[in-house]
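We did not get these values from a lab; they are worked out from the coordinates using the rules stated. Bear in mind the structure is a predicted one, so any value in this text is a computation, not a measurement. Counting neighbours? That spans all protein chains shown, and the Cβs are built from the backbone with ideal geometry, glycine included.
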Amino acid sequence: VEDMVSPDTCVCRTDEGRLVEGLREAMLETVIPRGEADRVMVVLGEHAGRVGRILEREPARSRALVQLERDEAGRVVPLDYDAVCHYLGGHEDD
C-alpha cells in the first residue's frame, strides 16, 4: 500500500512497480512473510501500528504468534493473519 486516498480506498504498488489506484479493502489480501527474520506490522486491534516478529505460524488457524518490538515486557500475542501484514519499513534506529 502506497497511499490511503480515503478510509476505504488506497493506492498500491505491484511487485513490478506499477501503481494501481482505487483499490478497496475487500480487493486486497494480507501478505504474511515467510522468512524467519521478517517483520510484520499490526494493522487491526489494540496493538495496531506496532511492529513485531512472527515467532510461530499456525496456518490451520490462520494465526501467528507475534513478539512486539519495543515492548518492555517482551509480549508475545496471538494475532489473526488479517491483523498483520509484512512490514518493509526501516528500524527506528535507522
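For the chain, the Cβ-based charge dipole about the Cα centre amounts to some 280 debye (Lys, Arg positive; Asp, Glu negative; other atoms uncharged). When the Gaussian network model of the chain links Cα atoms closer than 10 Å, the mean-square fluctuations of Glu25, Glu72, Glu16 top out at Glu16. Springs between alpha-carbon pairs under 10 angstrom, Gaussian network model over the chain: which of Asp80, Asp15, Asp71 fluctuates most? Evaluated over the chain, the most mobile residue of the options is Asp15. Note on the chain: dipole from Cβ charges, positive end direction compared against Thr9, Ala73, Leu88; the farthest Cα belongs to Ala73. With q set to 0.13, 0.20, 0.24 Å⁻¹, the log10 of I(q)/I(0) for the chain, from the Debye formula over equal scatterers at the Cα positions, is -0.49, -1.05, -1.29.
When the chain is fully extended, how far beyond the present Cα-Cα distance does Glu21 get from Val1, taking 0.36 nm per residue of separation?
Residue separation times 0.36 nm, minus the Cα-Cα distance, leaves 6.2 nm.
Among Arg63, Arg50, Arg24, the residue with the largest mean-square fluctuation in a Gaussian network model of the chain, with springs joining Cα atoms closer than 10 Å, is Arg24. In a fully extended conformation the segment linking Glu46 and Cys12 would gain 9.7 nm over its present Cα-Cα distance, using 0.36 nm per residue.
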